[in-house]
Every structure is written in structure tokens, then in C-alpha cells.
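> Questions regarding the structure given below will be posed in turn.
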Amino acid sequence: MHDERELGIIRRQLNRLGVQIVPWGDGPPTTEADVVLLDADLFPIEQVPALPIDPTTPIIALVGIETPSRLKWLLDLKPASFLIKPIRSAGLYSALVMAFGIAQQRTEAIERIKHLEFRVKSRRLVIAAILYLMEHRKLTEAAAFALIRRTAMQRRTTIEELSAEIVASGGQVPLAIHPS
């Protein structure tokens, strides 16, 4: 930020909240930031800045110029919260609470997506294991899946992990619970 009045307001509010302020300056921050306050008006809108921060770090954008192109640029930056300039003493705490809440939701969503992508990729292994059991043990599809599910529960592992073992060993994995 260049505006000393606004910078003073932000410093006072953050100090009241017990937040340590690390100015960014000309280079990247030297420490991990928990939140980044970014004056969005200081950047050219040709491209979204490559910020040397963890993508899950919440960004609070300080917005003064509200042109459509600037707002589009700001959306591409994906801030977790924003403050409208000129900065006042009210609003910073709300912006921080919103930023951390949004950042937590984004992190949880990213983890959930990774988990679901893994499960989707693992479905091929589950299907291969079911087909193997159907062919070699002469089971129906439902019985083969039930056998895999029961064995996975007994071993306290996932269906996907057990299926990978079955496929990798060519069906040599002992399946302790036999279908009735």
C-alpha cells in the first residue's frame, strides 16, 4: 500500500488484534504469511500477479477502482475477502474472519476433491478385482463385491486398497470371509 493514512488505519487495527505485520516491500515475504492484504489497485490488470505464497493462504484485497476489467482481474486472483477503499477503522476484523473461513472451506474442498479423484481412479481396480473373483471363484458381481467389502472391513482397510492387492497378486490375496 502507498497511502500512509490507510496503512496507519490497518496497522492500528491489526495491532489491536495482536496480528504481527510483515511488510512485503519489493521482494517476496521472508516468512510464511497467515493472510495477505493486497492493494489490488497497485497491480496492472494485464495479468494476475504470481504471488509467492501458498495458494491456500487467504488474500484480502483492498479495492478502490471498480471497473469491470479490474473486478474481473480481481476475481481471477480469487481473494477470500475484500475491503473497499478508502479504508476505515471498521470492517477489517470482519474481512479477516471471512478470509479465514473461506480459506478453510477452500482447503477442505481441495482435500475432498483429491479424495474423490483418488476414489474415481481406484474404481478401475475395484472393478478388476470383482471381475477376477467372478471369473476365478465363479461368483456373481454382487457376491464378489460383498466378499471384497467384508474382507476389507475385517482387515480394517479400504475396498480400493484390498482391490489393488487382489489385482497386484493375481488373486493370491487370502480372502478370509467366504460367501455363503
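> Please go through the range 84-99 and pick out each residue that is aliphatic (A, V, I, L, M) and touching a residue at least 40 places away in the same chain (Cβ under 8 Å).
Correct list: Ile87, Leu92, Leu96, Ala99.
> Residues to consider are Glu66, Glu108; find the one that is surrounded by fewer than 14 Cβ atoms within 10 Å (Cβ to Cβ) and either in the same structural domain as Val19 (by TED's automatic domain parsing) or part of a loop (DSSP other than H, G, I, E, B) (or both).
After ruling out the rest, the residue left standing is Glu66.
> While we're on this one: For the subset of the range 73-82 comprising residues that are assigned to a helix (DSSP H, G or I) and in contact (Cβ under 8 Å) with a residue 24 or more places away in the chain, which member is surrounded by the most Cβ atoms within 10 Å (Cβ to Cβ)?
Among those residues, the one meeting the criterion is Leu74.
> While we're looking at this one, here's another question. With respect to Leu96, is the statement that it is out of contact with any Leu (no Cβ under 7 Å at 6 or more places or on another chain) and in a helix (DSSP H, G or I) true?
yes
> Next up: Residues to consider are Glu141, Glu165, Glu160; find the one that is touching a Ser or Thr at 6+ places or on another chain (Cβ under 6 Å), farther than 30 Å from Lys78 by Cβ, at pLDDT 90 or above and not hydrophobic (A, V, I, L, M, F, W, C).
Of Glu141, Glu165, Glu160, the one residue that is touching a Ser or Thr at 6+ places or on another chain (Cβ under 6 Å), farther than 30 Å from Lys78 by Cβ, at pLDDT 90 or above and not hydrophobic (A, V, I, L, M, F, W, C) is Glu160.
> Turning to a different aspect of this structure: Provide a single number: the residues in the range 100-128 that are touching a residue at least 40 places away in the same chain (Cβ under 8 Å) and either within 13 Å of the chain's Cα centre (by Cα) or farther than 30 Å from Ala164 by Cβ (or both).
Qualifying residue count, the range 100-128: 6.
> Of everything in the range 83-92, what is buried (at least 19 other Cβ atoms within 10 Å of the Cβ) and touching a strand residue (DSSP E or B) at 6+ places or on another chain (Cβ under 6 Å)? Give them in sequence order.
Residue satisfying the conditions is Leu83 alone.
> Another one. Whether any residue in the range 105-121 is at pLDDT below 95 and at positive phi is what I want to check.
no
> While we're on this one: How many of the residues making up the range 131-180 are outside any loop (DSSP other than H, G, I, E, B) and in contact (Cβ under 8 Å) with a residue 24 or more places away in the chain?
Residues in the range 131-180 being outside any loop (DSSP other than H, G, I, E, B) and in contact (Cβ under 8 Å) with a residue 24 or more places away in the chain: 16 in total.
The values are calculated or read from the model by the stated rules, or taken from the named source; none is laboratory data. Just so we're clear, the structure is a prediction, and the values are computed from it rather than from any experiment. When we count neighbours, we look across all protein chains shown, and the Cβ atoms used for this are built from the backbone with ideal geometry, even at glycine.
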